[in-house]
Amino acid sequence: MAKKLYVGGLSYNTTDDGLRDAFAQAGNVTSANVIKDKMTNRSRGFGFIEMSTDEEAQAAIDMWNGKDLDGRKLTVNEAKPMEPRANRNGNGGGFGGGNRW
């Protein structure tokens, strides 16, 4: 079963393909995704890798955690499941700062 890994500390120059190529040294990479800012399309400095097996995922962690890629020291560990996000639609209620009568 595939296992997803979090990769932090990425250079802003690291691409999906560069990340895939680096982690392919540890085994079969199912997917590689550098997370980008929606407004600027610039890397946010982290991404996710999906390896084919648990053994390959552990090999990738052992190979890359604390190691240098594109001039930056990586943090690599098992990705945690995404948690539900708080309501961000601006309806927080109440009054903003300022004086009251």
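Write out, first by first residue and then by second, each pair whose Cβ atoms fall under 7 Å of each other, whose residues are 6+ apart or on separate chains, and whose first residue, in region 36-63, is aliphatic (A, V, I, L, M) while the second is in a loop (DSSP other than H, G, I, E, B).
Filtered contacts from region 36-63: M51/A2; M51/G27; M51/N28; A59/G27; A60/G27.
Answer yes or no: is there a residue in region 46-56 that is assigned to a loop (DSSP other than H, G, I, E, B), under 13 Å from the mean Cα position of the chain (by Cα) and modelled with pLDDT of 95 or more.
no
Could you tell me which of the residues I35, I49 is surrounded by fewer than 16 Cβ atoms within 10 Å (Cβ to Cβ) and within 17 Å of A79 (Cβ to Cβ)?
Only one candidate qualifies: I35.
Quick check: anything in region 47-57 touching a Phe, Trp or Tyr at 6+ places or on another chain (Cβ under 9 Å) and under 11 Å from T14 (Cα atoms)?
Scanning region 47-57, I find at least one residue that is touching a Phe, Trp or Tyr at 6+ places or on another chain (Cβ under 9 Å) and under 11 Å from T14 (Cα atoms), so the answer is yes.
Looking only at region 30-69, which residues are in contact with a Ser or Thr (Cβ under 8 Å, 6 or more places away or on another chain) and closer than 13 Å to D16 by Cβ?
T30, V34, I35, K36, S43, G47, F48, I49, E50 - these are the residues of region 30-69 that are in contact with a Ser or Thr (Cβ under 8 Å, 6 or more places away or on another chain) and closer than 13 Å to D16 by Cβ.
For region 11-46, what are the residues that are in contact with a Phe, Trp or Tyr (Cβ under 6 Å, 6 or more places away or on another chain) and of a type in the set (A, V, I, L, M, F, W, C)?
Scanning region 11-46 gives V29, I35.
When V29 is evaluated against the numbered criteria (1) at pLDDT below 95; (2) aliphatic (A, V, I, L, M); (3) over 13 Å from the mean Cα position of the chain (by Cα), which criterion, by number, is the only one it fails?
Failed condition: (1).
Which number in (1) part of a strand (DSSP E or B); (2) touching a residue at least 24 places away in the same chain (Cβ under 8 Å) marks the one condition that F23 misses?
So F23 meets the others, but not (1).
Evaluate the following for G66: is it surrounded by fewer than 13 Cβ atoms within 10 Å (Cβ to Cβ), assigned to a loop (DSSP other than H, G, I, E, B) and at pLDDT 95 or above?
Yes; evaluated as a whole, the condition is true for this residue.
The values are calculated or read from the model by the stated rules, or taken from the named source; none is laboratory data. Because the structure is predicted, anything quoted here is derived from the model rather than measured. Note that each Cβ is placed from the backbone with ideal geometry, even for glycine, and that neighbours are counted across all protein chains shown.
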